[in-house]
2 protein chains.
Amino acid sequence: MPAPAPTLRSLAKLLGLSRTTVSDALRGSPRVDPRTAQRVQQAAREAGYRRNPLAGALMSELRRSRGSAFHGVLAAIDFNEPDRPQDSATYHRELVAGLDARATDLGFKIERFSVGHAGVSVQRLDSILQSRGINGIVLLPAWDEPDLSNLDWARFAGVYTDYIIERPRLHTVCPDHYRSLLSALQLLATRGWTRPGLYLQKHQDERLQYRWSAAFRAFQDSHPQIRALPPLITDHFDRAEFQAWFRRHKPDVVLGHHVEAVDWMQACGARVPATHGFVSINLHMKTRPCAGLDLQPRALGARSAELLIAQLQRNETGIPEWPTTTTLPGRWVEGPTLRS
Amino acid sequence: MPAPAPTLRSLAKLLGLSRTTVSDALRGSPRVDPRTAQRVQQAAREAGYRRNPLAGALMSELRRSRGSAFHGVLAAIDFNEPDRPQDSATYHRELVAGLDARATDLGFKIERFSVGHAGVSVQRLDSILQSRGINGIVLLPAWDEPDLSNLDWARFAGVYTDYIIERPRLHTVCPDHYRSLLSALQLLATRGWTRPGLYLQKHQDERLQYRWSAAFRAFQDSHPQIRALPPLITDHFDRAEFQAWFRRHKPDVVLGHHVEAVDWMQACGARVPATHGFVSINLHMKTRPCAGLDLQPRALGARSAELLIAQLQRNETGIPEWPTTTTLPGRWVEGPTLRS
DNA sequence: GCAAATCTTCCGGACAGTCCGAATCATGCC
DNA sequence: GGCATGATTCGGACTGTCCGGAAGATTTGC
C-alpha cells in the first residue's frame, strides 16, 4: 500500500506550521525566517513533496486577479503592417479560425488586438492585457521582423505563428516548408514530371532561411533522373523575367506562390494542364482554382492554442530558455492546373 | 465598474441550487433532472458564465487520482537494434536524463522498456503497459525505421524523439539540423573561414531527408563570397576517400560527425587548429574534445516530456490527426579543433 | 394497505496552492 | 510604561469536481 502523496497541508502538519508558511518558504518568499525556510525545504525533500503545478497555476492566477476571475482569455496579436501583401489575408483568417476553435474546446477564448500603425502601441498593449488579466498571447505572422520585446514578458506566455522571432525568442508554430516541398516534388516525380521549376519571390525564401530553395536543390541532388533546372528567385513578380527563364529552361511543371504565372506560361505556348503543370506552394494565396500545397493554417492555429494553453497550465510565463519550433507538413490538393 | 464574473457559486445562489448541481448540470450529468439542467444552462448563458478551465483541469485530475502518490507513469521505449552505432549512447543517455528531470518536475515518473531482439515483443509490451496502467509513451531514437503500429494506440499517447516515424505517425521532437548547420556556417563565415567542407555518412543525411546537405548548399547559394565546395557523402567512413576529397577541394574547415577526420586532415599536412579547423555537427558523438554543435538532447528530452504530458492532461490518446514536428536549434560550443 | 426496497434528484465535504490582510510577538525609543 | 516599528506566522477566500449520502418519490412484495 503506497503512502498518500505529501501535500502542503500534510507537510505543514508534520512541521507544526501553517500551510501558508510552508508555501511561502518553498517559493523563497522573504516573509519567512531563513532558518524556518531551510527547515521546510529539507523536510520537503525528505518527504518527497512535489507541488501540483496545475493547482499552482490556478491559485496564482486566482489571487493575482482579485475579483476579475481568470477566464482563460488569450490574445491574438495582429501586426498592422502597411506593406504586407494582401494575399495573405485568407491564411491569417484560417489561422485565427483554428486558434479559436481549439481554444474554445479547451475552455479558452480568443480576443484580437492590433499593434502598430493603425493599432495600439506596444506599451499600451501591455497595460491593456494586464488590466484585462490576459496572460496568453498568440502572435500572428508578420511580414517584417516583429518586435514585442518591450512587453513585460515575466507576466506572459507567448507563441509566434511563423518561423522565426528574435524579439523576444518565443516558441513558434509554422508549416514545414522544407518537407512539404520535398514531398510535392516526390509526388510529381512519381507522376512522370521530369523538369520541375521553382519560381519564388526573394523575400519569401529569405524569411524562411532559404527552406524552399534548399528543399528544391536537395531533391534535385538526390534524384539524378530529374533535370536540375535553376530556380527563378526574383525581387518582384515580373512577367518578362519569368518568361525569359521559362523559355530558356523549359520546365514542364512550375511550382510557386504566384498563380498568374499560369497566364505567362500559356503566353509562351504552354498548355495548362494538357502539356504543362502549375503547382501552388501556398494554396491560401491563390486567386483561382489550382493544384498545390495546403499549408494548413487551421491546424497550425489549433496547435498554437494547444502549445500556449499547455504553458499556462504549467504556470510558465516569460521567455522560454530553449525556444522550439513546431512544424506541420502541408497537405497535397489536386486542382485544374495539373493533369492527374 | 464591471460586475464580477459569475462563478459556479454565484450562479448556484442565483438559481437557488447548490454549486454541485450546477456543475453537474453544465457538464450534462445524468444525475440531474433534465428540466433543471436546461434551466441551469439557460441561466448560465444569460449570465455569461464561463467555467475556469484551469480549475476544471485541476479538480478533474485531483478527484480522479484520489491521492495516489504520483499522477502517472510514462514509458520510455528503447528499440534494441543490434546494428545501431555505439556512438549514439551518450545522446540517448542525455535524452533520457532530460525526459526524467522534466517528467519528475511535472509529477510523472519514467520507466524504461526495451523492445525487439533482446527486449520484449510489441504485443507483450502492449499487455505490460496496459496492465501497469501506463498510457504515455516516449519512443527513443531508432537507427532504422521503428514500427509500433501493432500497439493499441486508442489507449496511448505517444511522442517519438527523432525526425520521422510512419508506423504510426506520431508527434515528434528532434534537433533542427537545418537551422543548426546554417548558423554554424554563418558563424564560421564571420570568423573568416571561406572554404567550409561537409563530410557525411549517406545514411545520416538520408534519414533526415537531406537536411544536412540542404543547409550546406543553401548557405553556399546565398553567400557568394564562400567557395562552394561539393560535400563528401559516403557510404562508410573511409580514410582514402576522405583524403582524396580533402586534397582535391582544400577545405579550410571541415564539418562532420566523425572526429577521426582530424587525424586524416593532419596526415595531409593540415595543422589543426593552426591552419585548419574541424567542427563536429553532433558533439555527443565525439570521442575527443572538439568544437561544434551540441544538439541538446537533454532539452529535447524535457520538451518531449512536456508534449506528452500536455496530451495526457487533455486526455488525448490515439494517433494524432495532424502529427507535428517540434525542433530545437543546436548550441554552438567552442573547442580545441578551431582557433578562436 | 403498509413496510421495505429501489430510484431520482440534489447537496455538502474535501481537495490543491496562493496572496494579502491581520494577528502575534520582540525590539527600540522617549 | 507607552507607542511605533519590524519580523514572522497565520487564516480566509478562491476555483470546479467527484462521490457518498440525504431526502423524497415511486415501486415492489406479501
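For A:R31, the point set 7 Å out from Cα toward Cβ sits 3.6 nm from its twins in the other copies, listed from shortest up. Here the Karplus relation 6.51 cos²θ - 1.76 cosθ + 1.60, evaluated at θ = phi - 60°, turns the backbone of segment A:217-228 into coupling constants of 5, 4, 5, 4, 4, 8, 10, x, 6, 8, 6, 7 Hz, with x for every Gly and Pro. Backbone N atoms of segment A:110-137 closer than 19 Å to the 7 Å Cα→Cβ label point of B:S10 belong to residues A:131-134. Helix A:122-132 axis versus longest C-alpha principal axis of chain A: approximately 50°, rounded to the nearest ten. Against the main long axis of the alpha-carbon atoms of chain A, helix A:239-249 sits at an angle near 70°. Inter-copy label distances at B:A97, shortest first and taken from points set 7 Å along Cα to Cβ: 4.8 nm. Distance between the 7 Å Cα→Cβ label points at B:R51 and A:A189: 5.1 nm.
Specify whether the C-alpha gyration tensor of segment B:234-292 places it in the rounded, prolate or oblate class, a ≥ b ≥ c being the square roots of the eigenvalues: rounded for a/c under 1.5, otherwise prolate if a/b is larger than b/c and oblate if not. Judged from the Cα gyration tensor, segment B:234-292 comes out oblate (a/c at least 1.5, b/c at or above a/b). Using the Cβ of A:G318 as centre and a radius below 13 Å, the other residues enclosed give a net charge of 0, where K and R count +1 and D and E count -1.
What does the C-alpha gyration tensor say about the overall shape of segment B:177-295? Classify as rounded when a/c is under 1.5, otherwise prolate if a/b is larger than b/c, or oblate. Cα axes put segment B:177-295 in the rounded bin.
The other copies place their A:R84 label points at 4.4 nm from this one, listed shortest first, where each point is 7 Å from Cα along Cα→Cβ. DSSP bridge analysis restricted to chain B gives an antiparallel fraction near 10%, rounded to the nearest 5. Shape verdict for segment B:1-53, please, from the Cα gyration tensor: rounded (a/c under 1.5), prolate (a/b greater than b/c) or oblate. Because a/c hits 1.5 or more and a/b exceeds b/c, segment B:1-53 counts as prolate. Remark: segment A:140-148, residue by residue, has Karplus-estimated 3J(HN,Hα) of 6, x, 10, 6, 9, 5, x, 10, 10 Hz, where x stands for each Gly or Pro and the curve is 6.51 cos²θ - 1.76 cosθ + 1.60 at θ = phi - 60°.
With R₀ fixed at 60 Å, the C-beta to C-beta distance from A:R339 to A:R27 puts the FRET efficiency at about 0.35.
Length gain on complete extension for the stretch A:R112 to A:N150, per 0.36 nm per residue less the alpha carbon to alpha carbon distance?
Values: separation 38, 0.36 × 38 = 13.68 nm, distance 1.90 nm.
Here the answer is 11.8 nm.
So what is the relative contact order for chain B, in percent, with contacts set as C-alpha pairs under 8 Å and at least six apart?
Working: 561 pairs, mean separation 65.1, N = 340.
The normalised contact order for chain B reaches 19 percent.
Taking amide H as placed 1.01 Å from N in the peptide plane, B:L198 has its amide H under 5 Å from the amide H of B:L232, B:L255, each at least 5 places away in sequence or on another chain.
Under 8 Å for C-alpha pairs, at least 6 residues apart: give me the relative contact order for segment A:177-295, rounded to a whole percent. Don't skip to the end; give the middle numbers.
Details: 172 pairs, mean separation 30.0, N = 119.
Dividing the mean separation by the residue count of segment A:177-295 yields 25 percent.
Take every pair of alpha-carbon atoms less than 8 Å apart whose residues are at least six positions apart; their mean separation over the length of segment B:26-109 yields a relative contact order of 30 percent. Inter-label distance, A:D238 to B:D263: 5.5 nm, where each label sits 7 Å from its Cα along the C-beta direction. Here the protein assembly as shown carries DSSP beta bridges of which approximately 10% are antiparallel, counting only pairs with both residues inside. Arranged from fewest to most other beta-carbon atoms within 10 Å of their beta carbon, A:R227, A:R50 become A:R227, A:R50.
For B:I137, the amide hydrogen comes within under 5 Å of the amide hydrogens of B:A75, B:A157, B:G158, B:V159, counting only partners 5 or more places away or on other chains and with H modelled in the peptide plane. A cut-off of 5 Å between modelled amide H atoms, ignoring neighbours fewer than 5 places along the same chain, links A:H171 with A:Y160, A:T324.
Here the Karplus relation 6.51 cos²θ - 1.76 cosθ + 1.60, evaluated at θ = phi - 60°, turns the backbone of segment B:101-107 into coupling constants of 4, 5, 4, 4, 3, 8, x Hz, with x for every Gly and Pro.
Read-outs throughout are calculated quantities, based only on the coordinates presented, and are distinct from any laboratory measurement. This structure is a prediction, so every number in the text was calculated from the model and none was measured. Quick reminder, even Gly has a Cβ in these numbers, built from the backbone with ideal geometry, and neighbours come from all protein chains shown.
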